[in-house]
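Every number in this text was worked out from the coordinates using simple rules, so none of it is lab data. Predicted model only: the values in this text are computed from it and were never measured. Note: ideal-geometry Cβ built from the backbone for every residue, glycine included; neighbour counts use all protein chains shown.
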Amino acid sequence: STVAVVGLGYIGLPTAAILAGKGLHVIGVDVNPYTVEAVNEGRVPFIEPDLGVHVAGAVSQGHLTAQGSVPEADAYIVAVPTPFQDDKTADLVYVEQAARNIAARIRPGNLVILESTSPPGTTRRMADVILALRPDLSAEANGGKDAVLFAHCPERVLPGKIMIELVTNDRIIGGLTPEAATAAAGLYSTFCQGRIHLTDAATAEMAKLVENAYRDVNIAFANELSVISSNLGIDVWNLIELANHHPRVNILQPGPGVGGHCIAVDPWFIVSADPENSRLIRTAREVNDAKPGHVIAEVLTAVEGIETPVIAALGLAFKANIDDTRESPAVEIVRRLALENPQAQILVGRSFLGATLPDELAPLPNVVSTVTDEAIAAADAVVLLVDHDTFREIRPEQLAGKAVIDTRGFWRTTA
Ligand code: SAJ
């Protein structure tokens, strides 16, 4: 059978490659002609371990092709972005566009699966867009039952481990009808070795959001403790380690804030679905978003009295050992430090990204990317923003005599 995967990004392309590897006929669809060209040549347009071999193999065996338009298929998987907007709601234009394109091709008995992280109700909305354009497939025209099957199957893979986690993770599949859930489970069971849990579409949508909100709330607790502890003159790392000896306490690690395109975003989809009752989830987001401001204040205190301070900022990614700077609190800290203190020079000592700065930082004249050791040597204050393993090579004597702001507890000495 033929599967069309609409959206060949971080989730769509790996899923397409894995399905094709199982011998299914997979057609990837993307609006970006470079992505389409790359895939058809067996190349990948972004970096993810092991993805390249899977794509090259699937393409050379003829199981995977890419094109710009939605083809006829037996099943459609929608994996397009659902970015969040300034008002903190999800932008569903890409989902709706995909739905319109699918509506033009879909036939009775087909299956449509939404994978994109979405606010509750989005699978229903996608179905409504398709059925409005195709009244011949609607329940009214078909004895009370839609003639096509709709389901939501959220992705939960960790960037950097996508090719492994796609196969090994459990999946939640929610259908608009039980038949749709069962049909989607049939497709995913071709490659998923984890358990597949069936539910309804809205519960599946919420489950994905709730997983990330749970983590956000727990990180907010740690971040709030770090601010309180600093005001009270207490070492938060030591504090958390001690508290975690309790059998039912497991506090996460504070940091410079929460980044990435998932945990810093998804909780807002819950808040916008029921603003009045999402008080804890909203506050957690605000606590985590406020953390960069606390780090900036600490840095400025450390260089107080120095006319033209030099600050070494170590790391820009949103977490350790990756090169992704999306929603990264480290980038925000460097950007605001530089903008609000034009007399200061910020030397970014980086581990992963080569010499180029991300778009948010590139235009700032007082931000310079440099070799980590040189940044430290020139600095009055060193602020560690990401706990990349490569920063372990920094020797204590390099930091001697400098103010050190360690946002990750990277250099703490355990009590
Ligand atoms: N962080 C802390 N302290 C901690 C743990 C994390 O400050 O104790 C920070 C990190 O530095 C980073 C942010 O939180 O800035 C998020 O990192 P993460 O490793 O918790 O998660 P992500 O964003 O890489 O991936 C998450 C995962 N979700 C959960 O663990 C519940 C992943 O399984 C999801 O697939 C992914 O979001 C997604 O795509 O939704």
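Ignoring lysines fewer than eight residues from K208 along the same chain, the ones with Cα atoms less than 20 angstrom from its Cα are K88, K161. The overall shape of region 233-317, judged from the alpha-carbon gyration tensor, is oblate: a/c is not under 1.5, and a/b is no greater than b/c.
Just from its helices, what would the mean residue ellipticity at 222 nm be for the chain, if runs of 4 or more DSSP H residues each count -39500 (n - 2.57) and the sum is divided by every residue, rounded to the nearest 500 deg cm²/dmol? Intermediate values should be presented prior to the final figure.
Numbers: 14 runs with 164 residues, N = 415.
Calculated from helices alone, the mean residue ellipticity at 222 nm is -12000 deg cm²/dmol.
On the beta carbon distance between N244 and R107, with R0 = 56 Å, the FRET formula returns roughly 0.50. Short to long, the 10 Å bins of the Cα pair-distance histogram for region 286-393 hold 16, 53, 29, 2 percent of all pairs. Amide H contacts of S369 (H built 1.01 Å from N, in plane; Pro and chain starts excluded): V348 sit under 5 Å, all sequence-distant by 5 or more or on other chains.
Averaging sequence separations of C-alpha pairs under 8 Å and six or more residues apart, then dividing by the length of region 203-310, give the relative contact order as a whole percent. Before the final figure, lay out the partial values.
On the way: 94 pairs, mean separation 37.5, N = 108.
So the answer I get is 35 percent.
What's log10 of I(q)/I(0) for region 161-315 at q = 0.17, 0.19 Å⁻¹, Debye sum over Cα points only, no solvent? With one equal scatterer per Cα and no solvent, log10 I(q)/I(0) is -1.09, -1.19.
Length gain on complete extension for the stretch H197 to E307, per 0.36 nm per residue less the alpha carbon to alpha carbon distance?
On the way: separation 110, 0.36 × 110 = 39.60 nm, distance 6.04 nm.
Length gained between H197 and E307: 33.6 nm.
Once you reduce region 196-212 and region 14-79 to the center of their Cα atoms, the two points are 26 Å from each other. Seen from V295, the other residues with C-beta closer than 15 Å to its C-beta sum to a net charge of -3, counting Lys and Arg as +1 and Asp and Glu as -1. Its relative contact order, with pairs defined as Cα atoms under 8 Å and 6+ residues apart, puts the chain at 10 percent.
Using the C-alpha gyration tensor of region 1-156, what are the square roots of 5 times its eigenvalues, in whole angstrom, with the largest one first?
Numbers: eigenvalues 142, 72, 30 Å².
Values for region 1-156, descending: 27, 19, 12 Å.
Within the set of other residues whose C-beta is less than 14 Å from the C-beta of T2, count the net charge using Lys and Arg as +1 and Asp and Glu as -1. Around T2, the surrounding residues sum to +1.
How tilted is helix 122-133 with respect to the longest principal axis of the chain? Cα atoms for both, answer in degrees (0 to 90, nearest 10). The angle comes out near 40 degrees. Scalar couplings 3J(HN,Hα) for region 54-63, obtained by applying the Karplus form with A = 6.51, B = -1.76, C = 1.60 to θ = phi - 60°, are 4, 5, 4, x, 5, 5, 5, 7, x, 8 Hz; x denotes Gly and Pro.
Ellipsoid semi-axes for the chain, based on the Cα gyration tensor and the rule √(5λ), read 44, 24, 19 Å when sorted largest first.
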